[in-house]
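Trainee: I have a structure I would like to understand better, so I am pasting it below and will then ask my questions one at a time.
The values are calculated or read from the model by the stated rules, or taken from the named source; none is laboratory data. In this text the structure is predicted, and so the values were computed from the model without any measurement. Counting neighbours? That spans all protein chains shown, and the Cβs are built from the backbone with ideal geometry, glycine included. Ligands, DNA and RNA are stripped out before the accessible areas are found, and what is left, the full protein with its side chains, is counted by its heavy atoms. Shrake-Rupley method; radii C 1.70, N 1.55, O 1.52, S 1.80 Å.
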Amino acid sequence: MLFDCAIIGGGPAGLSAALVLGRAKRKVLLLDEGRPRNAVTHESHGFLTRDGVEPGEFRAIAYQEIRRYPSVEVQEVRVVSVTRQEGYFEAVTEQGERFQAKTILLATGLKDVLPAIEGIHDYYGKSLFACPYCDGWERRDQPLVVISDSMSPYHVAKVVWNWSRDLLVCTNGQALLTAEEKESLERNKIQVVEDKIVALVGENGMLEKVVFAEQGESMRTGGFVGGWPVQASALGADLGCEINAQSRLVTDMLNRTTVKGVYAAGDTATPFAQLIMAAAEGSKAAAAVNMDLIEGEFL
Ligand SMILES: Cc1cc2nc3c(=O)[nH]c(=O)nc-3n(C[C@H](O)[C@H](O)[C@H](O)COP(=O)(O)OP(=O)(O)OC[C@H]3O[C@@H](n4cnc5c(N)ncnc54)[C@H](O)[C@@H]3O)c2cc1C
């Protein structure tokens, strides 16, 4: 079976693309290992009509809708390689199964790289988050912390300040803030601690305090972490797709990567990492896949 499109990744980007391509009568294979970026959270926010939905429920509704379209096949597998063959692409799964498709849509998402602090994973997704647009409202006006030890926390702090004026910025022992940034934070009454964090204290993932090596401790109920997420899979790089300085796959307005026949949507390509953006990008990429296939079929 030669599929019209193999979609790799079944987050909102891949699922949305599958829906649009299914409705376009395309033979689609959706290959997904089921480890979305927001799996650590209990609620997703900001997706109109689904604000506050549990991530698993969001996926369940999506799969229910996709099952209405018989030309879409779904397999829960990890893809380990995609190669270009004569006139088609071949995807190989961890189990060694091979699938052929005319086009590939990468919707594999990103993976977060958290600050190097013991136990931080216990809090991530429960009281420490990546994005204030997603989780700022629930923490509004609380004593919050912004932690980043790989890039300047200045921009994140400035944005989080919109949700809470009781803000502490930590660099976990790294000198990442410029003198101007420190002055600006001080002007806005944002406290800065550059000391190493030795412990995060709390219960059931709910942060209570941050403990420093030499500068005591600070009571905080939650916060946000800074850092560059990385591609969740190397498939785009292996195919030769160009990747930009922010570690995203470079695409044109219609989600075509720099490799003909390979498309990318969602966090893997967009600089604005949100569920609704990923879904929109998936829809746009699917229309591009369909249009480019029509160009090759229409006499
Ligand atoms: C803690 C946290 C909370 C968040 N909260 C919100 C929120 O409230 N609202 C919001 O709008 N956004 C939120 N986000 C952002 C949101 O999770 C992402 O923007 C969104 O998941 C991106 O969708 P996607 O389809 O691009 O990728 P993902 O949802 O990450 O899905 C990618 C899929 O591809 C699969 N995959 C990867 N590699 C392979 C492979 N080789 N083979 C097969 N499958 C593969 C993965 O397992 C995964 O299922 C949050 C992010 C984080 C980290």
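Trainee: For the cross-link pairs 111/158; 158/196; 126/189; 25/102, which exceed 20 Å when the distance is taken from alpha carbon to alpha carbon?
Mentor: Correct reply: 111/158; 158/196; 126/189.
Trainee: Based only on the alpha carbon positions, what is the Kirkwood hydrodynamic radius of the stretch 4-162, in angstrom? The partial results should precede the final answer.
Mentor: On the way: mean 1/r = 0.0559 Å⁻¹.
Kirkwood radius, the stretch 4-162: 17.9 Å.
Trainee: Hey, another quick one. Between residue 93 and residue 243, what's the calculated FRET efficiency when r is the beta-carbon distance and R0 is 25 Å? Round to 0.05.
Mentor: Step by step, r from the Cβ atoms, then E = 0.60.
Trainee: Apply the Kirkwood formula to the stretch 116-216: the hydrodynamic radius equals the inverse of the mean of 1/r over all pairs of different alpha-carbon atoms; give it in Å with one decimal.
Mentor: 13.7
Trainee: Here is a follow-up. Ratio of the chain's C-alpha Rg to 2.2 N^0.38 Å, to two decimals? The partial results should precede the final answer.
Mentor: Numbers: Rg = 21.3 Å, N = 299, 2.2 N^0.38 = 19.2 Å.
Rg over 2.2 N^0.38 Å, computed on Cα atoms: 1.11.
Trainee: Would you check the accessible area of residue 258, probe 1.4 Å, heavy atoms only, in square angstrom rounded to 10?
Mentor: Surface open to solvent at residue 258 totals about 70 Å².
Trainee: Separate question: Once the whole set of protein chains is in place, how much accessible area is left on residue 121, using a 1.4 Å probe, in Å² to the nearest 10?
Mentor: 140
Trainee: Got a sec to turn the phi values of the stretch 215-223 into Karplus ³J(HN,Hα) couplings, 6.51 cos²θ - 1.76 cosθ + 1.60 with θ = phi - 60°, whole Hz, x for Gly and Pro?
Mentor: Whole-Hz 3J(HN,Hα) from phi for the stretch 215-223: 10, x, 9, 9, 6, 9, 9, x, x.
Trainee: Then there is this: So for the stretch 120-225, taking the charge dipole from beta-carbon charges (+1 Lys/Arg, -1 Asp/Glu), which of 176, 132, 210 sits furthest toward the positive end?
Mentor: 132
Trainee: Which of the aspartates and glutamates could a cross-linker span from residue 182 if the Cα-Cα distance has to be under 13 Å and same-chain partners fewer than 8 positions apart are dropped?
Mentor: Partners found: 194.
Trainee: Next question, about the same structure. Rg over Rh of the stretch 217-299, using C-alpha atoms and the Kirkwood radius, what does it come to?
Mentor: Reported Rg/Rh, Kirkwood definition of Rh: 1.15.
Trainee: Which of the trypsin sites (Lys or Arg not before Pro) found in the stretch 203-299 are in a DSSP loop and have at most 14 neighbouring Cβ atoms, other than their own, within 10 Å?
Mentor: 260
Trainee: Would you please name the trypsin sites (Lys or Arg not before Pro) within the stretch 66-140 that are DSSP coil residues with at most 10 other C-beta atoms within 10 Å of their C-beta?
Mentor: 68
Trainee: Across 10 Å bins from the origin, how do the percents of Cα pairs in the stretch 146-299 run, short distances first?
Mentor: 10, 28, 23, 20, 12, 4, 1, 0
Trainee: If you don't mind, there's one more thing I want to ask. Counting helices only, and only those DSSP H runs with n ≥ 4, report the 222 nm mean residue ellipticity of the chain as the sum of -39,500 (n - 2.57) divided by its residues, in deg cm²/dmol to the nearest 500.
Mentor: Mean residue ellipticity, 222 nm, calculated: -7500 deg cm²/dmol.
Trainee: Next question. What number results when the radius of gyration of the stretch 55-118, computed over Cα atoms, is divided by 2.2 N^0.38 Å?
Mentor: For the stretch 55-118, the normalised Cα radius of gyration is 1.49.
Trainee: Let me ask another. Given H placed 1.01 Å from N in the peptide plane, which residues other than close sequence neighbours of residue 263 have an amide H under 5 Å from its amide H?
Mentor: 104, 105, 106, 257
Trainee: Each residue of the stretch 65-78 in turn: what ³J(HN,Hα) in whole Hz from Karplus with 6.51, -1.76, 1.60 and θ = phi - 60°, glycine and Pro shown as x?
Mentor: Whole-Hz 3J(HN,Hα) from phi for the stretch 65-78: 5, 5, 4, 5, 10, x, 7, 9, 10, 10, 10, 8, 8, 9.
Trainee: How much accessible surface does residue 252 have with a 1.4 Å probe, in Å² rounded to 10?
Mentor: For residue 252, the solvent-accessible surface is approximately 60 Å².
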